[in-house]
Amino acid sequence: MMSETVPKLRTCLLAIRKFSTAPPKVPVESRQLAFPPKYQKPRQAWLENFDTIEEKKLGIIDLHPEIFAANPRIDIIQENVRWQSLYRYVSYAHTKSRFEVRGGGRKPWPQKGLGRARHGSIRSPLFRGGGVIHGPKSPTPHFYMLPYYSRVHGLTSTLSVKLAQDDLHIIMNLEIPTDEPNFIEELVRSRNWGPSVLFVDDVDIMPRNITAATDKIKHFNLMPVYGLNVYSMLKHDTLVLTRAAVDLLELKLLTSLHKNDVKPCAEKFKLNQV
């Protein structure tokens, strides 16, 4: 009896597996994480395609928790935004001192004998139309250098916030089949990637099709890894990283977080800010 039942059960299981609507098991891409975390598990994100408008999940990729699951320090993010907003700002407000105002070369009245206060020039700051004391002089730059680790933690905090808000997507590469702007616009619209998108690759020479397609679309921008910054990530709704960009970004940031020779590295950025 048992000899007849077992083959029937096998046939039933094979039929269930064949006609089952359950999604297939998605492979997890194994990555050798640099500086393996001791107390945190790696974060995971979908690896998506970029060559079709329809979204396809190619697998799951492990992300280092020190980069993509850091404590979101809002104060450090604000410091980075303020630093980036001010380092290119130059004030051109200018006032004239008593030596720059036209006129006032002679003494307005004698020193003694008239009962009036003694003055040597009508361009003194005490007179109307005279010079200004301690007024602004142009050009006045507002550049200052943010500490090294404030910049590093600003990047890790912003990347962690983007991943937590589901605004960070990882693709294989930036190759698309056409250079028509309609293709990339429809792709972003169908995947709900938000109005503005920042595409990041590991090199600064992007593929021709993606460069031509986004050339006239002002809210789609391309950027290499070495130019990634807090202000640009916050300015765009969605951050799209290539697979190679993730590897390079993790390597650079983890090296900066775990290095013990930061003083000579930051020496060239040191300014006299007294």
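The table for this structure:
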{"quantity": "Simple label model, 7 Å out from Cα along Cβ direction - ARG106 to ASP215, nm", "calculated": "6.9 nm"}
{"quantity": "Percent of C-alpha pairs per 10 Å bin, region 90-141, short to long", "calculated": "26, 38, 23, 10, 3"}
{"quantity": "Sequence-separation-based contact order of the chain, relative, with Cα cut under 8 Å and 6+ spacing, percent", "calculated": "20 percent"}
{"quantity": "Region 107-166: trypsin sites (Lys or Arg not before Pro) in DSSP loop, at most 16 other beta carbons within 10 Å", "calculated": "LYS112, ARG116, ARG118, ARG128, LYS137"}
{"quantity": "Computed label-point distance, nm, for sites ARG82 and LEU146 using a 7 Å Cα→Cβ extension", "calculated": "1.1 nm"}
{"quantity": "Angle in degrees between helix 74-86 and the longest Cα principal axis of the chain, rounded to the nearest 10", "calculated": "50 degrees"}
{"quantity": "Per-residue SASA entry for LEU257, accessible area with 1.4 Å probe, Å² rounded to 10", "calculated": "40 Å²"}
{"quantity": "Along principal axes, Cα extents of the chain, largest first, whole Å", "calculated": "138, 46, 30"}
{"quantity": "Label-point gap, in nm, between SER91 and LYS235 - each point 7 angstrom along Cα→Cβ", "calculated": "2.4 nm"}
{"quantity": "Degrees, to the nearest 10: 181-190 long Cα axis against longest axis of the chain", "calculated": "70 degrees"}
{"quantity": "Share of carbon and sulfur in the accessible heavy-atom surface of region 160-274 [1.4 Å probe, %]", "calculated": "52 percent"}
{"quantity": "Dipole magnitude of region 90-141, debye to nearest 20 (Cβ charges: Lys/Arg +1, Asp/Glu -1, about Cα centre)", "calculated": "320 debye"}
{"quantity": "Additional length obtainable on full extension of the chain from GLU186 to LYS56, 0.36 nm per residue less Cα span", "calculated": "45.3 nm"}
{"quantity": "Note, ³J(HN,Hα) from phi for region 256-261, Karplus 6.51, -1.76, 1.60, rounded to Hz, x at Gly and Pro", "calculated": "5, 6, 9, 6, 10, 10"}
{"quantity": "Segment ARG116-GLN32, extension gain: residue separation times 0.36 nm, minus the distance between their alpha carbons", "calculated": "21.6 nm"}
{"quantity": "Net charge, LEU33 excluded, C-beta distance under 9 Å - Lys, Arg +1, Asp, Glu -1", "calculated": "-1"}
{"quantity": "Average accessible area per residue (Å²) across the chain - probe 1.4 Å, nucleic acids and ligands excluded", "calculated": "66 Å²"}
{"quantity": "Gaussian network model of the chain, springs between alpha carbon atoms under 10 Å - residue of LYS96, LYS218, LYS235 with greatest fluctuation", "calculated": "LYS96"}
{"quantity": "Whole-percent carbon and sulfur share, accessible surface of region 90-141, 1.4 Å", "calculated": "55 percent"}
{"quantity": "For region 90-141: relative contact order, % (alpha-carbon pairs under 8 angstrom, 6 or more apart)", "calculated": "53 percent"}
{"quantity": "Residue among MET223, MET233, MET145 with the largest mean-square fluctuation in a Gaussian network model of the chain, springs linking Cα atoms under 10 Å", "calculated": "MET145"}
{"quantity": "Helix 148-164 axis, angle to the chain major axis (alpha carbon atoms, nearest 10°)", "calculated": "40 degrees"}
{"quantity": "THR238 accessible area, 1.4 Å probe, all protein chains in place, Å² to nearest 10", "calculated": "10 Å²"}
{"quantity": "Linear extension gain, SER138 paired with LYS259, 0.36 nm per residue minus alpha-carbon span", "calculated": "39.5 nm"}
{"quantity": "Part-to-part distance (alpha-carbon centres) for region 102-118 and region 130-170, which is given in Å", "calculated": "52 Å"}
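The values are calculated or read from the model by the stated rules, or taken from the named source; none is laboratory data. These numbers were taken from a predicted model, which means no experiment stands behind them. Note: ideal-geometry Cβ built from the backbone for every residue, glycine included; neighbour counts use all protein chains shown. The protein model used for the area step is the full one, side chains on, heavy atoms only, and it has no ligands, DNA or RNA in it. Shrake-Rupley method; radii C 1.70, N 1.55, O 1.52, S 1.80 Å.
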